[in-house]
1. Could you list, in sequence order, the residues of segment 64-88 that are open to solvent by 10 Å² or more (accessible area, probe 1.4 Å) and either under 24 Å from the mean Cα position of the chain (by Cα) or of a type in the set (D, E, K, R) (or both)?
2. Taking segment 11-26 as the region of interest, how many residues are free of Cβ contacts under 8 Å to residues at least 40 places away in the same chain and surrounded by 23 or more Cβ atoms within 10 Å (Cβ to Cβ)?
3. For Gln198, all conditions in the list (1) of a type outside the set (A, V, I, L, M, F, W, C); (2) within 22 Å of Ile173 (Cα to Cα); (3) modelled with pLDDT of 95 or more hold save one; what is the number of the exception?
4. Could you please let me know if Val166 is open to solvent by less than 80 Å² (accessible area, probe 1.4 Å), in a helix (DSSP H, G or I) and not small (Gly, Ala, Ser)?
5. When the residues of segment 25-39 are filtered to those that are hydroxyl-bearing (Ser, Thr, Tyr) and within 13 Å of the chain's Cα centre (by Cα), which remaining residue is farthest from Lys315 (Cα to Cα)?
6. Given (1) open to solvent by 90 Å² or more (accessible area, probe 1.4 Å); (2) under 22 Å from His12 (Cβ atoms), identify the lone condition not met by Thr337.
7. Quick one: would you say Asp190 is at pLDDT below 95, open to solvent by 50 Å² or more (accessible area, probe 1.4 Å) and on the phi > 0 side of the Ramachandran plot?
8. Does Gly99 satisfy the condition of being buried (at least 20 other Cβ atoms within 10 Å of the Cβ), more than 16 Å from Leu27 (Cβ to Cβ) and of a type in the set (Gly, Ala, Ser)?
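The values are calculated or read from the model by the stated rules, or taken from the named source; none is laboratory data. For clarity, every value in this text was computed on a predicted model and none was experimentally measured. Quick reminder, even Gly has a Cβ in these numbers, built from the backbone with ideal geometry, and neighbours come from all protein chains shown. These area figures cover heavy atoms from the full protein model, side chains too; ligands, DNA and RNA do not enter into them. Shrake-Rupley method; radii C 1.70, N 1.55, O 1.52, S 1.80 Å.
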Amino acid sequence: MYFQQLLLLIIHKFHGERSSTAPFYLLKGKKSGQTIQDVTYFNLHPFFSLYPNLSKEEYNVEVSKLLSNEFIEIKESSISLTEIGFLQMNSMRKPLYNGWLYRGNEVVFWSRIELVVQTLSNFQADKKQFVPNQKNQLVHQFVKSYLVMKNFQDSAFVIEFKKQIVQLLASPIFEDIHRELFVYRLSGYDKSGMTWEQLARNYNLSILDVKLLFIEGLHIALTAITKERYPDLYALTKDIEVMIPLTDSAMKTYRLWEKGYSIHEIAEMRFLKINTIEDHIIEMVSIKQDFPIMDFMNEEQVRKVVQTSKELQTKKLKRIREQFPELSFFQIRLALTKGEVVNG
């Protein structure tokens, strides 16, 4: 039920102005102009790329359940909550995600910490040959360097590392289920972590619910870990945050735009459609609060578009443009994105 409630919250934030596939692309972290734009339009940063491995089949099953329970309705290609769906959503505690910042990299952090714990546990038992749970070679290389740097066979480090994990999990910012899932997933000497299937049975939840609660716990942990308080854990968070949240293609467009090329010139140089370059501009505006848009429209036009959007209570471009026929759809999108970035 946890994933379903999460879906209800996301659907509610779309205000009935997007199709039933919009939440799927959001959770997957689709790198399209529309999805990235929607993140800013509807303040959906916490949920972006929350579960990149979500399959369309899994998603459709959950949407079907919401429909059968009459929590949602789909009309004219738009999805929205019903009254009982709104009540069901409100029964949920506030989720603590930061998908925009981590983009699925919390799994990399977990892989590192899991391998460190498994290694320390086996070496403490004087078993230096063991089958690591983690198969990713990049994780192996990172952890090997980390352990050598920390002089991991020194008992003082082992004691301190364990102490930091215990202190972290003792923080009141975690729910009990976050702490338990964190510990149950760990493996050590002669002991394997619980599988998703075992955890789902243990908590009487779906596998999807358990995985998302686990991800939430990792996001909470990553937010709490600081260099000053948890130095040994902090070292495992290297490069987990996405510092340049632009798609590669948008970044190429941005570099050309910085050199003074126009949208039409960039489209010709890159052999792309003008609409695609416009998507890149929208993406840049959604990321960079100080992005100058005066080449495209003035501040008064932005203010009027944003105000009209609020008055009409809509983000639908067609409805807003009816009030501003002199502006293009691109300019409307630009104004809405800029307005949301500035106003939060």
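1. Ser64, Lys65, Glu70, Glu73, Lys75, Glu76, Ser78, Ser80, Leu81, Glu83, Phe86, Gln88
2. Number of matching residues: 1.
3. Every condition holds for Gln198 apart from (2).
4. In short, no.
5. Tyr25
6. The single condition Thr337 does not satisfy is (1).
7. The answer is yes for Asp190.
8. Taking the combined requirement at face value, the residue does not satisfy it.
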